Every structure is written in structure tokens, then in C-alpha cells.
Amino acid sequence: MKVICILCDEAFTPSKFQARKIMKHPHKIQICETCHDRITTKVNMQRTAKP
Ligand SMILES: [Zn+2]
């Protein structure tokens, strides 16, 4: 099973858990692990930057 990441347009193979989620919600947008990690890091940085 291949999924296209909406952020980097790269095809990636989702994890078993992710694949199950995609099967349940096929219309939901998918983000690859790399982009997901990047976003999570950014969000965490923003959180810690706030006073
Ligand atoms: Zn990506």
C-alpha cells in the first residue's frame, strides 16, 4: 500500500496502524513520517517559546 504525502508529494508506505486508519478514513489527508516529525518538532518549539 502506497500513500502520497500532501506536504512533500512523496509516496510512502504507511505503518500498519496508519494503514488501518487510512482504510477507515480514505478521504483524510495523509502526511509522511518525515513531515509529521517536522511538524511535531515545530509545534513543540512554538509551545516552549511561548511565555
Ligand atoms: Zn511528507
Check your understanding: Given F12, F17, which one is touching a Cys at 6+ places or on another chain (Cβ under 8 Å) and either at pLDDT 90 or above or open to solvent by 80 Å² or more (accessible area, probe 1.4 Å) (or both)?
Key -> F12
Review point. In the range 1-14, which residue that is more than 8 Å from the ligand (Cβ to nearest atom) and assigned to a loop (DSSP other than H, G, I, E, B) is nearest to the chain's Cα centre (by Cα)?
Key: P14
Review point. Of T48, T41, which residue is surrounded by fewer than 10 Cβ atoms within 10 Å (Cβ to Cβ), β-branched (V, I, T) and not in a loop (DSSP other than H, G, I, E, B)?
Key: T48
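Do we have any residue at all in the range 15-23 that's out of contact with any Lys or Arg (no Cβ under 9 Å at 6 or more places or on another chain) and outside any helix (DSSP H, G or I)?
Scanning the range 15-23 turns up at least one residue that is out of contact with any Lys or Arg (no Cβ under 9 Å at 6 or more places or on another chain) and outside any helix (DSSP H, G or I).
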Revision key, fill the gap. If we keep only residues of the range 23-38 that are over 16 Å from L7 (Cβ atoms) and either open to solvent by less than 100 Å² (accessible area, probe 1.4 Å) or within 16 Å of the ligand (Cβ to nearest atom) (or both), then the residue modelled with the lowest pLDDT is P26
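The values are calculated or read from the model by the stated rules, or taken from the named source; none is laboratory data. Note that this is a predicted model, so its numbers are computed, not measured. FYI the Cβ positions are ideal-geometry reconstructions off the backbone, even for glycines, and counts take in every protein chain you see. Please note that ligands, DNA and RNA were not included when accessible areas were found on the heavy atoms of the full protein model with its side chains. Shrake-Rupley method; radii C 1.70, N 1.55, O 1.52, S 1.80 Å.
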